[in-house]
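Comments concern the structure below.
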Amino acid sequence: MKNSPATAISRTDNLNEFFTVRGGEPLEGEIRLAGAKNAATKMTVASLLTHEEIILKNFPQIGDTAITIQLCKTLGSEATVRGSTLRIKTPQIKNVQVTSLSRRNRIPILAIGPLLVRAGEARIPIVGGDQIGPRPVDMHLKSLEALGAEIITERNYYRALAPHGLHGTNVNLRYPSVGATENTILAAVLAKGKTVIENAAVEPEVIDLIKLLQNMGAIIELGANRRICIEGVNHLHGSEYKILPDRNEAVSFACLAVATNGNIFVREAVQEHLITFLNTLRRIGGEYEVLENGIRFWRTNKLKGLNIETDTHPGFMTDWQQPLLVVLTQSEGDSLIHETVYEDRFHYTQDLNLMGARIKVENECRGILPCRFKNLKHPHSARISGPTELQPAKIKVPDLRAGIAHLIATLTARGESTIYGIEEIDRGYEHIDERLRSIGAGIKRMEPNQ
Ligand code: EPU
């Protein structure tokens, strides 16, 4: 690994909330999916494009959406969340500077387009890399510049201006980045003329954002071969929209059912969003049944190992490798995961090894997909030997998806574990402890120093 283990527990970790987890029992019952984090946050930013009200239904109450609402409020939005409905309205942009509310949250850069079209200027904090890699924003900036933005790098900030307004352009992304695609769309919908994005990301959350924008009055075509065409319009109006269910939650709960030898009905899980995952699950010996309002997951046979490569949609998503890797620790034989989206997303495997797993992270590409990290010596392949009996442990969550791997692993291990750093999990999973308790999990949220 490049850095020292990020998950070492410090003496002060119990100064924040933490979980105690009693694992080893099959989890059974029903969990309903929340709205997708990675659509909800972008749609909240999209609301800045109009002075009228946007109503988002199925809005997840999680750390990342709270931060995004706060971000919009500092710019002039009025927002209320009641149950799972967000009402947000920005009659006027009162401030063009986005404050750095969280080092982890990568949403601020998406506000550049809306701020430029509504106020002609934006100042956005420069966010560095995190536990999963350096996460550059070069493609975001290049697209915005092609659309007519002038971007000046200041100390800790990008300052963006659009002295001649934004205008349509051709953008060819060197990689189908989710964020860069969304950023280009958010800047292009109110730009003058037509923008064509080649090699765009087509993740379901990107499509959902496009659907909201279309309902707000935008003209956006989805072409073949990852081509998206945006015809700029003069103004966008208010709208009401129901956010798609979170497919990352769906995969997390599916893996929980299979790893604990339980049986979970995931209400609202959508087959179309999970096709690659469902095939993978069937290949390793997991079972599922697609029902009218969701999908049921369980296993009957011994699980077996498999080679997997993460990819952009419709491939096997990078956010699914962590929960699935825990299942692979319970599978017979060797498995490989070749991570081709992020260069450094296996830190959490050190904690699983502490719990008794046998995982070796390697720098080489262990697969056949074209990989941007070939010969660059990034630790982006993991070899898992199973099955192994996981033991309880005290561990600390390094990042959101690693956190769900930690939860599944501790719920699989017989005995009591402690998980620190749970604010990372709360960033993306709504009331996770309550929902897990409802299917029989022995999980408690502990107050500091408890
Ligand atoms: N990249 C660049 N330059 C750029 C933009 C991206 O090199 O200008 C690289 C990244 O470093 C990465 C790859 O391109 O290696 C893919 O990044 P992408 O832009 O697609 O990811 P993102 O928009 O930053 C979103 C999700 C991630 C999810 C990825 C891939 C949000 C807020 N985040 O990130 O979700 O893993 O797409 O699907 O939508 C999570 O939810 O925990 C999470 C990390």
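Brief remarks on what is shown
- Selection status of Leu110, buried (at least 18 other Cβ atoms within 10 Å of the Cβ) and either within 17 Å of the chain's Cα centre (by Cα) or not in a helix (DSSP H, G or I) (or both): yes
- Residues of segment 162-186 that are among the polar types (S, T, N, Q) and assigned to a helix (DSSP H, G or I): Thr181, Asn183, Thr184.
- Of the residues screened, Ile67 is one that is at pLDDT below 95, part of a helix (DSSP H, G or I) and surrounded by fewer than 22 Cβ atoms within 10 Å (Cβ to Cβ).
- Top-ranked residue of segment 400-417 - restricted to ones that are of a type outside the set (S, T, N, Q) and touching a helix residue (DSSP H, G or I) at 6+ places or on another chain (Cβ under 6 Å), ranked as farthest from Gly305 (Cα to Cα): Leu400
- Selection over segment 429-450 of residues that are more than 20 Å from Asn261 (Cα to Cα), at pLDDT 95 or above and either of a type outside the set (Asp, Glu) or part of a helix (DSSP H, G or I) (or both) gives a count of 6.
- Checking Glu182 against (1) modelled with pLDDT of 95 or more; (2) out of contact with any helix residue (DSSP H, G or I) (no Cβ under 7 Å at 6 or more places or on another chain), the condition it does not meet: (2)
- Checking each residue in segment 26-55 for being away from the ligand (no atom under 11 Å from the Cβ), within 24 Å of Gly238 (Cβ to Cβ) and not β-branched (Val, Ile, Thr) picks out Ala34, Gly35, Met43, Ala46, Ser47, Leu48, Leu49, His51, Glu52, Glu53.
- Answer from Ile404, Ile432 - the residue that is closer than 24 Å to Ser84 by Cα, surrounded by 23 or more Cβ atoms within 10 Å (Cβ to Cβ) and touching a Ser or Thr at 6+ places or on another chain (Cβ under 6 Å): Ile404
- Some residue of segment 362-375 being modelled with pLDDT of 95 or more, within 26 Å of Ala34 (Cα to Cα) and either within 16 Å of the ligand (Cβ to nearest atom) or assigned to a loop (DSSP other than H, G, I, E, B) (or both): no
- Restricting attention to segment 336-347 and to residues that are away from the ligand (no atom under 12 Å from the Cβ) and under 23 Å from Pro392 (Cα atoms), the residue that is modelled with the highest pLDDT turns out to be Phe346.
- Of the set (1) touching a strand residue (DSSP E or B) at 6+ places or on another chain (Cβ under 8 Å); (2) within 16 Å of the ligand (Cβ to nearest atom), all apply to His313 but (1).
- In segment 292-340, the residues that are assigned to a helix (DSSP H, G or I), in contact (Cβ under 8 Å) with a residue 60 or more places away in the chain and of a type in the set (A, V, I, L, M, F, W, C): Trp320, Leu324, Leu325, Val326, Val327
- Scan of segment 116-154 for residues that are within 13 Å of the ligand (Cβ to nearest atom), at pLDDT 95 or above, crowded, with 21+ Cβ neighbours inside 10 Å and more than 16 Å from Ile197 (Cβ to Cβ), ordered by number: none
The values are calculated or read from the model by the stated rules, or taken from the named source; none is laboratory data. What you see is a predicted model, and the numbers here were worked out from it, not measured in a lab. Positions of Cβ are backbone-derived with ideal geometry, glycine not excepted, and every protein chain shown enters the neighbour counts.
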